[in-house]
Amino acid sequence: LRKEREESRRTYGQAEREKGEVQRLKGEIGRRDKRDMSARFGAGPYRVELKLSISKPAADADAAAREGEGANNNDDALVSYSDHYLTLEMAPHMPHAVHAFLRQVDEGLWDDTTFRRNRDHILMTHVEPGDDGPSEERASAADDGATTEKAGGMESFRALHLDTLSFAEYSPVPRDGWNHEKYTVGLAGRPIPGPLWYVNKENNSLHHAEDPCFARVARDSGGRELFDRIAAMERDAQDLLRRPAIIREAYVLVWVDDVDGNRNLPAEEVKGEEEEEEDGKAKRRKGRWVHHKR
């Protein structure tokens, strides 16, 4: 019995040491990602802007068809699409997931993808599973001698080792507005998530707590109304949008504080104010959001 107890203590101690080592490595990865984000995108905060093309309501589409917009040889293609912008703000406490997502965006991996699966509780992105070839822009760059040509679809993510996280990042500290509440963004895939992500249509904190929740639709961009419009679009029996919302382009937005040296900037470059939480209270920072150059 004494030997069994000693063996049990040794086993427990070994398990605790291994658990501690895993947590240490996760912390080191997070600190590394913070350094890399700061070096590549500045000190933050960070946002991502999505340029979306979505089908117009039936009445608008019929009017557009009568005017000859969007017409082609397919009966189902007399549909007019309009461009809109959806802005995502990145969580400040999820450096590993946020860094991976910003790198994906900066590499152009989310260009020409879609919001496709529309379930009762989430709206999820879609990427083609195989090599569907380069976009026209990338093909043109290749013809000009560029060396950054990547495979299409999911192969693009794998080629850059951006198809999954290193671990399922999770913040155990409750944070209002970030814990899989409506309009927050989670990474799909278990046990190691990525690269597909979804926007919560309702509070999913009970069902998706294990998924990294790394972003949310910005309050000040009008994107929440746009998201509600997409979420209400017609879907089929497999919960797929009959006409997917197309992500034409995605860009990283970085914040530039409005200090004395920036006050003479053209008005169109000033994006507004950033709301930042400090000790539970919101404060305003004057400045602007600008596109990070790829």
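The values are calculated or read from the model by the stated rules, or taken from the named source; none is laboratory data. Here the structure is a predicted model, which means the values were calculated and not measured. Ideal geometry is used to build each Cβ from the backbone, glycine not excepted, and the neighbour counts take in all protein chains shown. Heavy atoms of the whole protein, side chains included, go into the accessibility calculation; ligands, DNA and RNA do not. Shrake-Rupley method; radii C 1.70, N 1.55, O 1.52, S 1.80 Å.
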Restricting attention to region 243-260, does a residue exist that is open to solvent by 80 Å² or more (accessible area, probe 1.4 Å), at pLDDT below 90 and closer than 14 Å to Pro45 by Cα?
no
Answer from Glu149, Glu137, Glu155, Glu128 - the residue that is closer than 20 Å to Gly186 by Cα and at pLDDT below 95
Glu128
When every residue in region 44-54 that is over 17 Å from Arg103 (Cβ atoms) and not charged (D, E, K, R) is compared, the one nearest to the chain's Cα centre (by Cα) is Leu52
Give just the number: which of (1) open to solvent by 90 Å² or more (accessible area, probe 1.4 Å); (2) of a type in the set (A, V, I, L, M, F, W, C); (3) in a helix (DSSP H, G or I) does Ala43 not satisfy?
(3)
Qualifying positions in region 196-233 - within 17 Å of Tyr46 (Cα to Cα) and among the aromatic types (Phe, Trp, Tyr)
Phe214
Within region 208-225, identify whether any single residue is of a type in the set (Ser, Thr, Tyr) and more than 30 Å from Lys26 (Cα to Cα), and answer yes or no.
yes
Asn72 fails exactly one of the following numbered conditions: (1) part of a loop (DSSP other than H, G, I, E, B); (2) surrounded by 17 or more Cβ atoms within 10 Å (Cβ to Cβ); (3) at pLDDT below 50. What is the number of that condition?
(2)
Go through region 211-241 and give me each residue that's over 14 Å from Thr87 (Cα atoms) and either surrounded by fewer than 13 Cβ atoms within 10 Å (Cβ to Cβ) or charged (D, E, K, R) (or both).
Asp211, Arg229, Ala232, Glu234, Arg235, Asp236, Ala237, Gln238, Asp239
Pair list, Cβ under 9 Å, 6 or more apart: region 92-104 residue within 12 Å of Lys26 (Cα to Cα) and open to solvent by less than 20 Å² (accessible area, probe 1.4 Å), other residue hydroxyl-bearing (Ser, Thr, Tyr) and assigned to a loop (DSSP other than H, G, I, E, B):
Met94/Tyr170; Met94/Ser171; His96/Ser166
